[in-house]
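Asker: What follows is a single structure, and I will ask about it in a moment.
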Amino acid sequence: MDLLLTNIGLLCTPQGTQPRKGVRQGEVLCVEKAMVAIEAGKIVYAGPEDPALHAEKTVDCGGRLCTPGLVDAHTHLVFGGWRQKELGLKLAGVPYLDILQQGGGILNTVDQTRLATEAELIDKGMGLLSEMLRHGTTTAEAKSGYGLNLETERKQLQVIKKLNESHPVDLVPTFMGAHAVPREYRGRRQEYVDLVIHQMLPAIAEEKLAKFCDVFCETGVFTPEESLRILEQAKRLGLGGKLHADEVDSLGGAELAAKANCLTAEHLVAASAQGILDMAKQNVIAVLLPATSFYLDKPFAPARDMLDKGLAIALGTDFNPGSSPNLNMQFAMSCACLRLRMTPEEVLTAATLNSAAAVGLAEQTGSLEAGKQADLVLWDAPDLAYIFYRYGSNLVHSVVKNGVLYAAA
Ligand code: IZC
Ligand code: ZN
């Protein structure tokens, strides 16, 4: 045994390798006076203190709370520049989609990402990932989508690959060439959709740079029909489907995610009742992003209704420079509790096991069980509720990622 974590005051974890749905989302195992044993980066034991267990190194957890490492199921991690200059427009009441229509928003970040060198993006990404790790995130999804041409989409995905290799946080890459219609294709949107389908997707799949494909299905961005064509091609090429669905307007995104057999539909603030039923039927995971609702001052997704209808809910920060400049999962989790009205247990499952399932990693991470990666957080908190109740502070004491201990400070 390499590492033994003793004197854990309370260990809380969902269990299994499948997303927890509906009423079962709140089923969390809680063990007082617990212990975790780690060998070769994996958990070999997690449960009540067992005096028979010994290891080369023992860490006394001081009675702290221990949970699985947080999984951020939705980020746009790699981008050039920032967009704090749009704050004035936002305060003046200009809607998010209008800023994009005026050639700003995502297109502003596209300009800055095209100009950035790979080295600059890696440097920035390393800093952001360290900030995430300090806040308890041990795995994150990362989308491209600020290139909108093959060269820069590839550059972003290569940066994600290199960050994954050089930083302890694990990254899951998603191709999102259909994030906006680039300026040079204005008025020729069909040609851009064809470019994504016939050139970008085959090249990205061939180079194995992405595991998933995502599309921004939204008013003025990509229509449900265009989104379906792109997702069908992605599926043919072996990429899993994700969809930015019903983030602002209700366009039938949830229904489409079910029809296209997507693993996840994300945002869902304006999802229809039928769309939620369709998702439940097809086992599409709902990735909710309440930090975005907060920043955009928009309604929050109907989480309770989703749980009543049997959906599995996962959580992400949506970290991006436009609609969610926050990378702290604790903030997203507090919003999930205080605004989505999810219980602390439901929130924990959302941010760990269900988010792991949402990025295709529920066999490897997302719970504290023998055989899974040793990804966990020690909290300066006595129980789960305390984390969400004390929103605004970083309550992470330390993080173990793949069996290596990192102090938060
Ligand atoms: O840069 O605004 N919603 N894509 C869809 C975003 C937000 C990211 C951005
Ligand atoms: Zn997003």
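Computed from the coordinates by the stated procedures, all read-outs in this text should not be read as laboratory data. Note that the structure is predicted; figures quoted are calculated from it, not measured. We place every Cβ from the backbone using ideal geometry, glycine too, and count neighbours over all the protein chains shown.
Asker: Distance between the C-alpha centers of the stretch 156-227 and the stretch 343-409? Whole Å please.
Answerer: 29
Asker: The stretch 1-146: percent of C-alpha pairs farther apart than 26 Å?
Answerer: Values: 5313 of 10585 pairs.
That tail contains 50 percent of the Cα-Cα pairs.
Asker: Oh, and also: Along the stretch 14-27, what does the Karplus equation 6.51 cos²θ - 1.76 cosθ + 1.60 (θ = phi - 60°) give for ³J(HN,Hα), rounded to whole Hz, x for Gly and Pro?
Answerer: Working through the residues one at a time gives x, 10, x, 10, 10, x, 8, 10, x, 5, 7, 4, x, 7 Hz.
Asker: With +1 on each Lys and Arg Cβ and -1 on each Asp and Glu Cβ, how big is the dipole of the stretch 292-369 about its Cα centre, in debye rounded to the nearest 20?
Answerer: On the way: 5 positive and 8 negative charges, 55 e Å.
Computed about the Cα centre, the dipole is about 260 debye.
Asker: If you look at just the Cα atoms of the chain, how large are its Rg and its Dmax in Å?
Answerer: Gyration radius and largest Cα-Cα distance of the chain: 20.5, 70 Å.
Asker: A follow-up question, please. Just round it to a whole percent: the fraction of Cα-Cα distances in the stretch 162-248 exceeding 15 Å.
Answerer: On the way: 2159 of 3741 pairs.
Within the stretch 162-248, distances greater than 15 Å cover 58 percent of Cα pairs.
Asker: Return the sequence-ordered ³J(HN,Hα) values of the stretch 362-369 in whole Hz as given by the Karplus equation 6.51 cos²θ - 1.76 cosθ + 1.60 applied to θ = phi - 60°, using x for Gly and Pro.
Answerer: Here the 3J(HN,Hα) series is 5, 6, 9, 8, x, 8, 9, 8 Hz.
Asker: Based on the mean of other Cβ atoms within 10 Å per residue, sort peptides 121-132, 9-20, 259-270 so the most packed one is first.
Answerer: Details: 121-132: 18.2, 9-20: 21.1, 259-270: 24.7.
So the peptides 121-132, 9-20, 259-270, ranked by packing, come out 259-270, 9-20, 121-132.
Asker: Let me ask something additional. Taking amide H atoms as placed 1.01 Å from N in the peptide plane, list the residues 5 or more away in sequence, or in a different chain, whose amide H sits under 5 Å from that of Met35.
Answerer: Gly47, Glu49
Asker: If you don't mind, there's one more thing I want to ask. Within straight cross-link reach of Lys124, meaning Cα distance under 25 Å, which lysines are found once same-chain residues fewer than 8 apart are removed?
Answerer: Of all the lysines, those that pass the test against Lys124 - Cα under 25 Å, at least 8 places apart if same chain - are Lys85, Lys143, Lys155, Lys161, Lys162, Lys208, Lys211, Lys401.
Asker: Sort 169-179, 216-226, 142-152, 46-56 by the packing proxy (mean of other Cβ within 10 Å over each peptide's residues), most packed first.
Answerer: Values: 169-179: 26.6, 216-226: 19.8, 142-152: 23.8, 46-56: 12.7.
By packing density, highest mean first, the sequence is 169-179, 142-152, 216-226, 46-56.
Asker: Taking the number of other C-beta atoms within 10 Å as the exposure measure, put Phe294, Phe319 in order starting with the fewest. All intermediate terms of the calculation are to be shown ahead of the outcome.
Answerer: Details: Phe294 17, Phe319 28.
By the 10 Å Cβ count, ascending: Phe294, Phe319.
Asker: Which value, in debye to the nearest 20, gives the size of the charge dipole of the chain about its Cα centre, when Lys and Arg are +1 and Asp and Glu are -1 at the Cβ? Intermediate values should be presented prior to the final figure.
Answerer: Numbers: 38 positive and 48 negative charges, 74 e Å.
Once rounded to the nearest 20, the dipole reads 360 debye.
Asker: Could you tell me which of Leu378, Phe319, Met333 has its Cα farthest along the dipole of the stretch 296-409 towards the positive end, charges placed at Cβ (Lys, Arg +1; Asp, Glu -1), taken about the Cα centre?
Answerer: Farthest along the dipole direction, towards plus: Phe319.
Asker: Continuing with the same structure: Return, ordered by residue number, the residues of the stretch 15-38 whose backbone nitrogen is under 15 Å from a label point located 7 Å along Cα→Cβ of Asp308.
Answerer: Under 15 Å, as judged by backbone N against the label point of Asp308, lie 22-23 of the stretch 15-38.
Asker: What FRET efficiency comes out for Leu277 versus Arg189 if R0 is 35 angstrom and r is the Cβ-Cβ distance? Round to the nearest 0.05. Display every interim value, and only then the final one.
Answerer: Values: r = 31 Å, r/R0 = 0.89.
FRET efficiency, Leu277 to Arg189: 0.70.
Asker: Evaluate the charge dipole of the stretch 348-409 about its Cα centre and quote only its size in Debye, nearest 20, assuming +1 on the Cβ of each Lys and Arg and -1 on the Cβ of each Asp and Glu.
Answerer: Working: 3 positive and 5 negative charges, 23 e Å.
Rounded to the nearest 20 debye, it is 120 debye.
Asker: Still on this structure, please answer the following. Send over the Kirkwood Rh of the stretch 207-336, from the inverse of the averaged 1/r over different Cα pairs, rounded to one decimal Å. Let's see the in-between values first.
Answerer: Details: mean 1/r = 0.0685 Å⁻¹.
For the stretch 207-336, inverting the mean 1/r across all distinct Cα pairs yields 14.6 Å.
Asker: How high is the relative contact order of the stretch 1-157, given as a whole-number percent (alpha carbon pairs under 8 Å, six or more residues apart)? It would help to have the intermediate numbers written out before the result.
Answerer: Numbers: 236 pairs, mean separation 38.0, N = 157.
Reported relative contact order: 24 percent.
Asker: Also, quick follow-up: Under 12 Å from the Cα of Lys259, which aspartates and glutamates turn up, not counting those fewer than eight places away in the same chain?
Answerer: Glu225, Glu232, Asp278
Asker: Also, quick follow-up: Subtracting the Cα-Cα distance from 0.36 nm times the residue separation, let me have the gained length for Glu118 to Arg339 in nm, one decimal.
Answerer: Length difference between fully extended and current span is 75.7 nm.
Asker: Taking the simple approach of a point 7 Å from Cα along Cα-to-Cβ for both Asp297 and Met126, what is their distance in nm?
Answerer: 3.9
Asker: Another question, if that's okay. Can you give the extra length, in nm with one decimal, that the chain gains between Glu39 and Lys85 once fully stretched, where that is 0.36 nm per residue apart less the Cα-Cα distance? Write out the running numbers ahead of the final one.
Answerer: Details: separation 46, 0.36 × 46 = 16.56 nm, distance 4.80 nm.
Fully extending the segment from Glu39 to Lys85 adds 11.8 nm.
Asker: Full extension from Gln199 to Asn394: what is 0.36 nm times the residue separation minus their Cα-Cα distance, to one decimal in nm?
Answerer: Working: separation 195, 0.36 × 195 = 70.20 nm, distance 4.35 nm.
Taking 0.36 nm per residue and subtracting the Cα distance, the gain is 65.8 nm.
Asker: With a 10 Å Cβ neighbour count serving as the proxy for reagent exposure, in which order, fewest first, do Ser272, Ser323 appear? Could you put the intermediate results ahead of the total?
Answerer: On the way: Ser272 16, Ser323 24.
Ranked by crowding around the Cβ, least crowded first: Ser272, Ser323.
Asker: Another one. Projected onto the charge dipole of the chain (+1 at Lys/Arg Cβ, -1 at Asp/Glu Cβ, origin at the Cα centre), which of Asn394, Gly360, Gly103 gives the Cα projection farthest towards the positive end?
Answerer: Of the listed residues, the answer is Gly103.
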